[in-house]
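First the structure, in the form of structure tokens, and then the observations on it.
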Amino acid sequence: MSILNPKFITFDCYGTLINFEMAPVARRVYADRLAGAALDDFCGYFSAYRLDGVLGAWRPYLEVVTEALQRACRRSGIQYRDGDAEAHYAAIPTWRPHPDVVEPLKRVATEIPLVILSNSMVDLIPYSVAHLEAPFHTVCTAQEAQAYKPRMRAFEFMFDTLGCGPEDVLHCSSSFRYDLMTAFDLGIKMKAFVNRGHEPLNCYYEVHEIKDLGGLPGLVGL
């Protein structure tokens, strides 16, 4: 395998670096209204509606979560209650990195600048960055870009912020739908799929598959 030589390594944050726990929160919040397969289905609807909700014009993430929960509740035939969305949103700063993340990030950061491109808010992302412990050169949020991934505008904002192009970055994500498909379409040649098991590998998009962040240093010869 050839060694990759990016100017920057860019990362999706939630799911890839930080353990994304929106479904576990939903299971707690809705445990008094759903159970078993019905609760499993609800979590799937909630995930799908969140993706649908970020495809249009930018709006605060709390609004995205609120709408997605309301739609999932309607589909499941249960009541949405005031405070449901706030409970999910308030949990985000408490989420921690996957156990394989911190040390590889620290190792790679000594040689290559690290960047986050996240579907987050300016007030939320500092908590997650602090949990990651490694130094980040730049952190770009959807709020600043006024666009959520998978929209190209989010990536273009990152390129403009860094003063670079698609050829200069190695983009790392555990999601094809939010990150790697758009990265492919934009001409990012260096892509790492962190296979956390929530989406299947799709070789069409020309990614380097790693099972966790422990495989990242090897991709860049460290």
Self-check item: From 116, 78, 3, 9, residue being loosely packed, with under 14 Cβ neighbours inside 10 Å, among the hydrophobic types (A, V, I, L, M, F, W, C) and outside any helix (DSSP H, G or I)
Solution: 3
Exercise. Give the number of residues within the range 189-209 that are surrounded by fewer than 22 Cβ atoms within 10 Å (Cβ to Cβ), of a type in the set (Phe, Trp, Tyr) and within 13 Å of residue 175 (Cβ to Cβ).
Key: 1
Practice problem: Quick one: which residue in 139, 122 is aliphatic (A, V, I, L, M), surrounded by fewer than 14 Cβ atoms within 10 Å (Cβ to Cβ) and either modelled with pLDDT of 95 or more or not in a loop (DSSP other than H, G, I, E, B) (or both)? | Solution: 122
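Quick grid of which residues meet (1) touching a Gly at 6+ places or on another chain (Cβ under 6 Å); (2) farther than 17 Å from residue 150 by Cβ; (3) not in a loop (DSSP other than H, G, I, E, B):
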site	(1), (2), (3)
179	no, no, yes
197	no, yes, no
204	no, no, yes
214	no, yes, yes
218	no, yes, yes
222	no, yes, no
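Can you name every residue in the range 73-91 that is touching a residue at least 40 places away in the same chain (Cβ under 8 Å) and among the aliphatic types (A, V, I, L, M)?
Across the range 73-91, the qualifying residues are 78, 87, 91.
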Self-check item: Matching residues, the range 178-210, being touching a strand residue (DSSP E or B) at 6+ places or on another chain (Cβ under 8 Å) and over 26 Å from residue 53 (Cα atoms)
Solution: 190, 206, 207, 208, 209, 210
Quiz item: Which ones in the range 101-113 are assigned to a loop (DSSP other than H, G, I, E, B), surrounded by 14 or more Cβ atoms within 10 Å (Cβ to Cβ) and either out of contact with any Pro (no Cβ under 7 Å at 6 or more places or on another chain) or at positive phi (or both)?
Solution: 101, 113
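The values are calculated or read from the model by the stated rules, or taken from the named source; none is laboratory data. Here the structure is a predicted model, which means the values were calculated and not measured. FYI the Cβ positions are ideal-geometry reconstructions off the backbone, even for glycines, and counts take in every protein chain you see.
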